[in-house]
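These notes are about the structure you will find just below.
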Amino acid sequence: MAQPETASPAPNVLADSINMRKIGRVERFLGPEYYRILRGLLTTPASIAGLFLITLFAFIAIAAPLIAPPLPNQNPYKIPRDGFSPDPKPPMTEWRRLPPPLPFWWKPIMGTDKWVHLMGTASGQWDIFYGVIWGTRTAFWTGILITSVTLLLGVLIGTVSAYYGGLLDNILMRIVDVFLTLPFIMAALILAAVLIPKLGRSVIPTVIALIAFGWMGYSRLVRGDILSVRERDYVLAARVIGVKDSRIMFTHILPNAIFPTLVIASLDVGTYVLSFAALSFLGIGTDIGYADWGQLLSFARSWITSLGTYWYIVVWPGVALVLYVLGWNLLGDALRDVLDPRMRGRS
Amino acid sequence: MPDLLLDVQGLETQFKTPEGVIYAVNGVSFGLKEGETLGVVGESGCGKSVSMLSVLRLIPSPPGKITAGKAYYRGQDLLQMSNEEIRHVRGAQIAMIFQDPMTSLNPVLTVEYQLTEPLLLHLGMNKEQARARAIELLEMVGIPNAKERLADYPHQFSGGMRQRVMIAMALACNPQILIADEPTTALDVTIQAQIIELVKRLRDELGMTIIWITHDLGIVAGLAQRVIVMYGGFIIEEAFVKELYANPKHPYTIGLLGSLPRIDEQERQRLFSIDGLPPVLYNKPTACPFSPRCKWAMDRCWKENPVLETVGPDHRVACWADVKTGRAR
């Protein structure tokens with residue numbers, strides 16, 4: 001039957017008259033909770049600063065081959081060196097031996113095609129500029145890898161422990177207690193030192209060591225939240241429907257319990273990069289010459305008494321490290337504020 | 001007995017607490033015929049919900065434990081089933097709705113997700129089929145704009161609407177039995193009436209068997225055919241609705257009925273109430289659990305716990321006294 005086409009659906013008088021809040025496409029896609037978080041992150045000054053720093057570093061990491069093109073046929077993470085002299089050279093010293101290719105932006109700005117040590121060289125003539133730029137990549141992937149694996153491990157153990165409770169919970173939480181008694185850096189240092197002869201010198205042993213002693217906090221935190229969410233009616237309702245345990249745990253309970261843990265995790269990305277740098281500084285971890293801020297700082301060890309002259313060997317990687325950790329901390333703080341129910345409706 | 005859809009025999013559930021073992025359900029037996037509506041009434045804490053949750057093996061364990069009893073559903077003992085088997089009974093064969101619709105829906109999942117979950121789980125539907133069925137279900141429970149509302153989150157629904165969604169979820173797989181655990185207690189009276197009307201309509205359309213747990217005797221009168229009265233984890237009286245209201249035999253039932261406000265009351269008078277509180281049973285009772293609050297209590301009531309006895313056609317009661325005469329029966 002052909003119905004007469006009405007020009008348009010009747011205007012929704014009610015909705016228009018009471019001035020309802022319009023729900024946009026982004027909000028519909030993300031859901032109210034995630035939308036609120038996103039909006040909060042994009043409007044809090046601290047979080048904007050944090051996001052700016054992280055974005056800046058991310059840009060540097062992605063564009064590393066353009067900012068500091070590596071020597072051809074060489075591992076780009078290997079910092080190029082200009083000789084072997086132990087004395088650091090100040091910023092803007094010219095490259096003498098085997099200079100890496102000139103980056104495209106150098107000539108238009110400086111008007112010469114002589115490549116220099118932009119940030120000077122460290123003891124042993126490692127170029128600090130290359131170390132800082134390529135070290136950004138190391139910082140990102142070690143920080144994110146360590147945090148995500150520890151988070152995953154911790155959340156998994158905490159969730160299972162809290163959901164099943166009883167003896168299993170007891171056993172797992174006592175294991176957590178034992179791990180928490182070990183001093184973090186010491187334990188990681190020893191484990192990494194043990195792993196290096198087996199796995200070779202690379203980022204991996206340190207990463208494993210930091211993961212092995214970092215997951216317990218997340219476990220405890222997520223366990224506590226799950227213990228409370230587990231008793232909610234909607235969990236019982238899900239069980240009444242006949243949903244599997246694993247599904248109840250990970251789709252019904254976990255999304256309601258994970259946010260506090262995520263906040264801590266975002267704050268921890270910076271901390272893990274610091275720990276990684278600390279281990280590198282102590283000489284545990286990557287090959288000598290691998291682009292890594294901690295390692296760059298370790299080159300300064302023998303010159304620590306004359307930093308008045310050789311300030312640049314500490315300042316550049318140090319500033320990079322500080323700003324990077326600051327970025328994550330600001331972001332994490334903002335995330336905490338956005339997610340804190342007591343802060344809802346304010347600012 | 002004619003073939004029963006659900007046959008519960010001697011169900012006992014206990015909770016281990018730091019203060020001692022609580023005897024929550026003490027040998028509850030009842031049958032449920034196909035298509036009937038059974039009302040379960042009693043004060044808070046008298047074991048109504050725990051009995052029903054025990055049948056579906058949903059009591060938190062530990063600390064809860066079903067220590068004895070059988071619950072035959074279509075000849076199969078639910079209490080002996082493997083976890084996997086009972087999972088396929090829940091939702092698909094026996095569904096349940098709860099008291100508080102505000103907390104029974106998961107705040108981080110859309111209504112669509114929660115409605116389609118049982119369909120995907122038990123009926124093996126694909127996403128589109130489940131979506132279509134979900135829209136159908138929402139329309140069936142009377143939610144306007146069902147199609148648009150699917151993508152909404154629970155907080156975008158009012159209390160009554162949420163209870164409708166809960167009912168739609170429970171009915172998703174056409175279960176044989178619907179256990180309604182005080183589904184109207186948290187709703188205001190007008191919404192209550194709507195929800196009850198809805199359940200009545202759906203019962204008649206779908207031929208569902210319903211167990212309706214409540215402490216509102218008014219609701220039971222209009223809805224149920226048979227009523228079980230529970231006290232202290234025991235069934236103390238069981239009868240058809242009319243018989244129970246016209247001719248209550250247990251002092252507790254009399255007290256419950258007496259404490260209903262009546263619209264046809266002539267004089268203004270204080271509303272009757274039963275003195276005291278229901279007991280928390282730390283010991284398996286050897287006396288009648290109601291005796292401390294009972295005005296008919298006799299010596300025997302303090303020494304021996306009465307068992308359910310048939311006192312009339314389909315009327316069973318657990319009491320030593322005859323409330324008509326005040327003496328032993």
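Mind checking which of A:LEU42, A:VAL235, A:PHE84 is farthest towards the positive end of chain A's charge dipole, using Cβ charges of +1 (Lys, Arg) and -1 (Asp, Glu) about the Cα centre?
A:VAL235
Please list, in order along segment A:321-338, the HN-Hα scalar couplings obtained from phi with the Karplus expression 6.51 cos²θ - 1.76 cosθ + 1.60 (θ = phi - 60°), rounded to whole Hz, x for Gly and Pro.
4, 4, 5, 5, 5, 4, x, 5, 5, 4, 4, x, 4, 5, 4, 5, 4, 5
Listing B:CYS294, B:CYS319 from the residue with the fewest other Cβ atoms within 10 Å to the one with the most, what is the order?
B:CYS294, B:CYS319
Give the long-range amide H neighbours of A:GLY124: residues separated by 5 or more places, or on another chain, with amide H under 5 Å away, using H modelled in the peptide plane at 1.01 Å from N.
A:ASP87
Quick check: pseudo-label points 7 Å beyond the Cα along Cα→Cβ at B:ALA287 and A:THR305, how many nm apart are they?
In this crude spin-label approximation the distance works out to 9.1 nm.
Which lysines does A:LYS114 reach when only Cα atoms under 28 Å apart count, and residues fewer than 8 places away in its own chain are ignored?
A:LYS78, A:LYS89
Please report, for the Cα atoms of segment A:81-226, the Rg to one decimal and the Dmax as a whole number; what are they, in angstrom?
Spelled out, the Cα radius of gyration and Dmax of segment A:81-226 are 22.9, 72 Å.
Using the structure shown, list the pairs from B:LYS48/B:LYS200; B:LYS70/B:LYS127; B:LYS16/B:LYS70; B:LYS200/B:LYS249 with a Cα-Cα distance above 30 Å, or answer none.
In this structure, B:LYS70/B:LYS127 lie more than 30 Å apart at Cα.
In deg cm²/dmol, rounded to 500, what helix-only [θ] at 222 nm does the protein assembly as shown give when every DSSP H run of at least 4 residues adds -39500 (n - 2.57) and the total is split over its residues?
Details: 27 runs with 315 residues, N = 676.
Helices in the protein assembly as shown give a 222 nm mean residue ellipticity of -14500 deg cm²/dmol.
For segment A:205-347, what is the Kirkwood hydrodynamic radius in Å, using each pair of distinct C-alpha atoms?
Working: mean 1/r = 0.0545 Å⁻¹.
Hydrodynamic radius (Kirkwood, Cα only) of segment A:205-347 equals 18.4 Å.
Order by neighbour count: A:TRP105, B:TRP296, A:TRP141, fewest other Cβ atoms within 10 Å first, most last.
Lowest count first: A:TRP105, A:TRP141, B:TRP296.
Under 18 Å Cα-Cα from B:LYS303, which aspartates and glutamates qualify once same-chain neighbours fewer than 8 residues away are excluded?
Within the straight-line limit of under 18 Å, B:LYS303 reaches these aspartates and glutamates: B:ASP322.
Which longest uninterrupted range of chain A lacks any GluC sites (Glu not before Pro) assigned by DSSP to a loop state (not H, G, I, E or B) and surrounded by at most 16 other Cβ atoms within 10 Å?
A:6-230
How big is the dipole moment of segment B:206-283 about its Cα centre under a simple scheme where the beta carbon of each Lys and Arg is +1, that of each Asp and Glu is -1, and everything else is neutral? Debye, nearest 20, please.
In debye, rounded to 20, segment B:206-283 gives about 40.
At 37 °C and a viscosity of 0.692 mPa s, what translational diffusion coefficient does Stokes-Einstein give for segment B:178-237, taking Rh as the Kirkwood radius over Cα pairs? Give it in µm²/s as a whole number.
It comes out at roughly 266 µm²/s.
Compute the relative contact order of segment A:78-233 as a whole-number percentage, counting only Cα pairs closer than 8 Å that sit 6 or more residues apart in sequence. Don't skip to the answer; put the middle values down first.
On the way: 178 pairs, mean separation 35.3, N = 156.
This gives 23 percent for segment A:78-233.
Per 10 Å bin from zero, what fraction in whole % of the C-alpha pairs of the protein assembly as shown is there, up to the bin with the longest pair?
3, 12, 18, 17, 14, 12, 10, 7, 4, 2, 1, 0
Based on alpha-carbon positions alone, could you give the equivalent ellipsoid semi-axes of segment A:175-238 from the gyration tensor, as √(5λ), descending, whole Å? If you can, show how the numbers build up before the last one.
Working: eigenvalues 252, 34, 9 Å².
In descending order the semi-axes read 35, 13, 7 Å.
Check which residues have an amide H placed less than 5 Å from B:ALA180's amide H, if you skip close sequence neighbours.
So B:ALA180 has HN proximity to B:ILE97, B:ILE211, B:TRP212, B:ILE213.
List, largest first, the extents of the alpha carbons of segment B:251-322 along their principal axes, each in whole Å.
Taking max minus min along each principal axis of the Cα atoms, segment B:251-322 gives 41, 33, 20 Å.
If packing is taken as the mean number of other Cβ atoms within 10 Å per residue, what is the order of A:46-53, B:43-50, highest first?
Top to bottom by mean Cβ count within 10 Å: B:43-50, A:46-53.
Using unit Cβ charges (K, R positive; D, E negative) and no other charged atoms, how large, in debye to the nearest 20, is the dipole of chain B about its Cα centre?
Computed charge dipole of chain B: roughly 540 debye.
Once every Cα of segment B:175-329 carries one equal point scatterer and solvent is ignored, give the base-10 log of I(q)/I(0) from the Debye formula at q = 0.10, 0.11, 0.12, 0.15 Å⁻¹, two decimals.
At q = 0.10, 0.11, 0.12, 0.15 Å⁻¹ the computed log10 ratios are -0.43, -0.52, -0.61, -0.92.
Work from the charge dipole of the protein assembly as shown (Cβ charges, +1 for Lys and Arg, -1 for Asp and Glu, about the Cα centre) and give the residue of B:GLN163, A:LEU189, B:ASN126 farthest towards its positive end.
The residue sitting most towards the positive pole is A:LEU189.
Which listed residue (B:LEU4, A:TYR290, B:LEU138) has the Cα farthest towards the positive end of the charge dipole for the protein assembly as shown, taking +1 on Lys and Arg C-beta and -1 on Asp and Glu C-beta about the Cα centre?
Going by the Cα projections, it comes out as A:TYR290.
Could you give me the percent of Cα pairs per 20 Å distance bin for chain A, shortest bin first, beginning at zero and ending with the bin that holds the maximum distance?
Whole-percent P(r) values from 0 Å outward: 24, 45, 24, 7, 0.
What's the magnitude of the charge dipole for the protein assembly as shown around its Cα centre, counting Lys and Arg as +1 and Asp and Glu as -1 at the beta-carbon? Answer in Debye, nearest 20.
Charge dipole, the protein assembly as shown, about its Cα centre: 1200 debye, nearest 20.
Once phi is turned into θ = phi - 60°, what whole-Hz ³J(HN,Hα) does the Karplus curve with 6.51, -1.76 and 1.60 give for every residue of segment A:105-118, x standing for Gly and Pro?
Ordered by residue, 3J(HN,Hα) equals 8, 5, 5, x, 7, 8, x, 10, 10, 9, 7, 10, 7, 4 Hz.
For A:HIS117, B:HIS88, what's the fewest-to-most ordering of other Cβ within 10 Å of each Cβ?
Ordered by Cβ neighbours within 10 Å, fewest first: B:HIS88, A:HIS117.
A short reminder: the numbers here are calculations on the coordinates, not readings from a lab. Values in this document were obtained by computation on a predicted structure and should not be read as measured data. Methodologically, a virtual Cβ is constructed for each residue, glycine included, from the backbone with ideal geometry; neighbour enumeration extends over all protein chains shown.
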